[in-house]
Each structure stands twice: as structure tokens, then as C-alpha cells.
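Report on the structure given below.
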Amino acid sequence: MDHMSIDRETLRELADAGSETALDRLADLADTAGDLGELSELLDEGSTHAGFLLTRRAAAAGDLREL
């Protein structure tokens, strides 16, 4: 198992335990990877940071439907 996978698993465990910082870090990783599905899931879990990242992407793309 690679280092990134372990970090992501640890972050997921921390986020599931209520760590907002871990949830934000997962959103940053999903944003870097361009994983809009994961960002949407994180938003559904209550991550305002994921919502910000999705909004920023939609604004940059000029996608008014997503906004």
C-alpha cells in the first residue's frame, strides 16, 4: 500500500470521527486530483470547504448551472 493511500485512509477515519480539518484535507486532495464526485460527496457530508472548491471550479469554468 502506498503512502498516499495510507494518508487518505487515516484522513477518512479522522473525518468519520468528526475532524473538520481532516474533511477539509480530503477535499483538498480530491480537488487536486480533479475528482468532482468525491468533492460532491464531501459536500454532502457537510464540508463547506468542498463546497467552496466546487463553487470556485464552477465559477472558473463559467458554469452557471453548477453555481
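The values are calculated or read from the model by the stated rules, or taken from the named source; none is laboratory data. What you see is a predicted model; the values in this text were computed from it and never measured. Glycine gets a Cβ as well: all are built from the backbone with ideal geometry, and neighbour counts include every protein chain shown.
Let's see how each residue does on (1) modelled with pLDDT under 95; (2) of a type outside the set (A, V, I, L, M); (3) within 11 Å of the chain's Cα centre (by Cα):
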| residue | (1), (2), (3) |
| --- | --- |
| His3 | yes, yes, no |
| Ile6 | yes, no, no |
| Glu9 | yes, yes, no |
| Leu14 | no, no, no |
| Ala17 | no, no, no |
| Leu29 | no, no, yes |
| Leu36 | yes, no, yes |
| Leu43 | no, no, yes |
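So in segment 22-32, with the set limited to residues that are out of contact with any helix residue (DSSP H, G or I) (no Cβ under 6 Å at 6 or more places or on another chain) and surrounded by 11 or more Cβ atoms within 10 Å (Cβ to Cβ), which one is nearest to Thr55 (Cα to Cα)?
Of all residues in segment 22-32, those out of contact with any helix residue (DSSP H, G or I) (no Cβ under 6 Å at 6 or more places or on another chain) come to 28-29, 32.
Filter once more, so that each one left must be surrounded by 11 or more Cβ atoms within 10 Å (Cβ to Cβ): 28-29.
Values: Asp28: 13, Leu29: 16 Å.
Filtering segment 22-32 for residues that are out of contact with any helix residue (DSSP H, G or I) (no Cβ under 6 Å at 6 or more places or on another chain) and surrounded by 11 or more Cβ atoms within 10 Å (Cβ to Cβ), the one nearest to Thr55 (Cα to Cα) comes out as Asp28.
If I go through segment 48-66 residue by residue, how many of them are outside any helix (DSSP H, G or I) and over 14 Å from Leu36 (Cβ atoms)?
The first filter runs over segment 48-66 and keeps only residues outside any helix (DSSP H, G or I), leaving 62-66.
Then keep just the ones that are over 14 Å from Leu36 (Cβ atoms); that gives 62, 64.
Qualifying residue count for the region: 2.
Looking only at segment 45-64, filter to residues that are small (Gly, Ala, Ser) and surrounded by 15 or more Cβ atoms within 10 Å (Cβ to Cβ); which one of those is modelled with the lowest pLDDT?
First, the residues of segment 45-64 that are small (Gly, Ala, Ser): 46-47, 50-51, 58-62.
Going one step further and asking which of them are surrounded by 15 or more Cβ atoms within 10 Å (Cβ to Cβ), we end up with 47, 50-51, 58.
Working: Ser47: 96, Ala50: 97, Gly51: 95, Ala58: 90.
The selected residue is Ala58.
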